[in-house]
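First up is the structure itself, then whatever we jot down about it.
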């Protein structure tokens, strides 16, 4: 891919709310940034086609296995942040069925149609110099299947590096500050050092997740996608520092975190 196109660079600069980064003042040594990426609809984007099918999978499971009426699963999602949390909180899903639920609803026989290889993403991840972690509301196995189709699983799946997924976060929704505390703790354990949350660069397609991350003290919060799932245009505010359209757009915001060639 090489350097980003002038159009993408201009767009990332345009949507950025704040231009100064920590340590950019004269005489101060820049602190090390850590990139934290959401997975679904962030690392890959497909106009929410997989998300739409996931919603249907969840509805089908709840109807067939739990006897819920159509639309009840979505109501639980809206009330509790995730459907599984709602099912558990309201006593509708036995705890010994958690793995079965997560596995079944995240299984897509047509995944090769839903997610295509992304050479631009691969190039960007290979040249990324910063520590990078994935923080996803889905299960680890689903994330890896998605990355395999993208052609980046060999980059993102590393020995002992945690993939902070739903189970690692004890099924706590990303709408809750506690999930961000768990994520930070797991990253610190892996790195073997204390991490200042202000040094985190968090990318997610969900505005509510970014707002919660800000409440947790996370530094730079970047929204993936100017337009929401319902077509509503989104803008930078006190929770959103930048808006981008692809992970590779991070290079326009933090060029120092990327090499010009593979290392």
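The values are calculated or read from the model by the stated rules, or taken from the named source; none is laboratory data. Quick caveat: nothing in here was measured; it's all calculated off a predicted structure. Counting neighbours? That spans all protein chains shown, and the Cβs are built from the backbone with ideal geometry, glycine included.
In the set 159, 141, which member is modelled with pLDDT under 95 and in the same structural domain as residue 33 (by TED's automatic domain parsing)?
Checking each option against the conditions leaves just 159.
Condition first: closer than 20 Å to residue 187 by Cα, in a helix (DSSP H, G or I) and touching a strand residue (DSSP E or B) at 6+ places or on another chain (Cβ under 8 Å). Now tell me which residues in the range 127-152 satisfy that.
The answer is 140, 143, 144.
To keep it simple, each residue is scored yes or no on (1) assigned by TED's automatic domain parsing to the domain that holds residue 123; (2) surrounded by 13 or more Cβ atoms within 10 Å (Cβ to Cβ); (3) in contact with a strand residue (DSSP E or B) (Cβ under 8 Å, 6 or more places away or on another chain); (4) touching a residue at least 40 places away in the same chain (Cβ under 8 Å).
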position	(1), (2), (3), (4)
187	yes, yes, yes, yes
191	yes, yes, yes, yes
204	yes, yes, yes, yes
208	yes, yes, no, no
217	yes, yes, no, no
220	yes, yes, yes, yes
233	yes, no, yes, no
238	yes, no, no, no
241	yes, yes, yes, yes
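If you take the residues in the range 153-167 that are free of Cβ contacts under 8 Å to residues at least 24 places away in the same chain and in a loop (DSSP other than H, G, I, E, B), which one is surrounded by the most Cβ atoms within 10 Å (Cβ to Cβ)? Spell out the reasoning first.
The first filter runs over the range 153-167 and keeps only residues free of Cβ contacts under 8 Å to residues at least 24 places away in the same chain, leaving 153-154, 157-159.
When the remaining residues are screened for being in a loop (DSSP other than H, G, I, E, B), the result is 157-159.
Details: 157: 15, 158: 11, 159: 4.
Of everything passing the filter in the range 153-167, 157 is surrounded by the most Cβ atoms within 10 Å (Cβ to Cβ).
Given the options 61, 77, name the one that is in a helix (DSSP H, G or I), modelled with pLDDT of 95 or more and either outside the structural domain of residue 164 (by TED's automatic domain parsing) or over 16 Å from residue 223 (Cα atoms) (or both).
Answer to the selection: 61.
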